[in-house]
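Shown next, in structure tokens, is the structure this report addresses.
The values are calculated or read from the model by the stated rules, or taken from the named source; none is laboratory data. All figures in this text were calculated on a predicted structure; none of them were measured in a lab. Here the Cβ is made from the backbone with ideal geometry for all residues, glycine too, and neighbour counts use every protein chain on show. For the accessible areas, the whole protein counts, side chains as well, though only heavy atoms, and no ligand, DNA or RNA atoms are used. Shrake-Rupley method; radii C 1.70, N 1.55, O 1.52, S 1.80 Å.
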Amino acid sequence: MPVAVCDVYGAVLLANPAMAAECGTTPGRLRGRDVLELFSPREATQVERIAQALRLRHRSRYQVSVRWRAPGGVERYGELTADPVSDTVEDTPALLVMLRVDAERAPSPAAPAPGAPVTSMEARILALLAAGATTARAARETALTTDGVTYHLRRLSSRWGASNRTELVARAYALGVLAPGVWPPGVPDDEA
């Protein structure tokens with residue numbers, strides 16, 4: 001299993017050969033590299049929540065869905081699990097980082113999978129994001145919790161292979177989920 005130990009900021013202190021192989025290098029060459037430069041989070045908000053929890057000295061297990069280019073240029077997907085570890089609760093923890101590799105696969109298609117249309121709630125959330133709404137505002141406007149909005153965004157990001165909200169909104173326009181040339185952003189009349 002690919003494993004690394006990182007400082008609380010994500011800099012690799014040491015890595016095993018399996019982790020280095022995923023990055024196409026040797027363990028010694030990973031030392032000092034930022035783990036989030038090696039593995040791209042599929043959703044930036046996951047990393048922000050983990051950083052906040054670590055600043056507050058929470059000692060939970062944290063998981064981040066990631067993708068990266070393996071040797072040979074193959075795009076791979078998996079999940080990084082970070083466990084804060086230290087001798088005492090007062091010590092600044094190191095992070096024991098383990099990588100679970102899902103699979104090698106071609107990049108996700110630009111269009112939604114057949115039989116998986118965008119729901120009216122997903123379209124409404126995308127329109128709010130396109131207008132500049134925060135997760136909290138989108139939650140208020142849709143009568144969902146912030147976790148509910150995040151859930152819908154994660155599903156869309158996974159379905160469309162979008163790595164951030166900007167890409168998600170761009171794909172919504174490209175796929176006709178959002179009506180171009182309309183302000184404030186909205187869904188086409190036939191989908192409302």
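Residues in segment 132-166 that are open to solvent by 50 Å² or more (accessible area, probe 1.4 Å), more than 13 Å from residue 121 (Cβ to Cβ) and of a type outside the set (Val, Ile, Thr): 132, 137, 140, 147, 154, 158, 164, 165. In segment 103-122, of all residues being under 20 Å from the mean Cα position of the chain (by Cα) and not in a loop (DSSP other than H, G, I, E, B), the one that is modelled with the highest pLDDT corresponds to 122. For residue 165, are the conditions met, namely being among the basic types (Lys, Arg) and closer than 12 Å to residue 43 by Cβ? Taking the combined requirement at face value, the residue satisfies it. Of everything in segment 1-39 that is in a loop (DSSP other than H, G, I, E, B) and either of a type in the set (A, V, I, L, M) or touching a Cys at 6+ places or on another chain (Cβ under 7 Å) (or both), the residue that is farthest from residue 84 (Cα to Cα) is 1. Checked against the criterion of being open to solvent by 40 Å² or more (accessible area, probe 1.4 Å) and modelled with pLDDT of 85 or more, the candidates 26, 88 yield just one match: 26.
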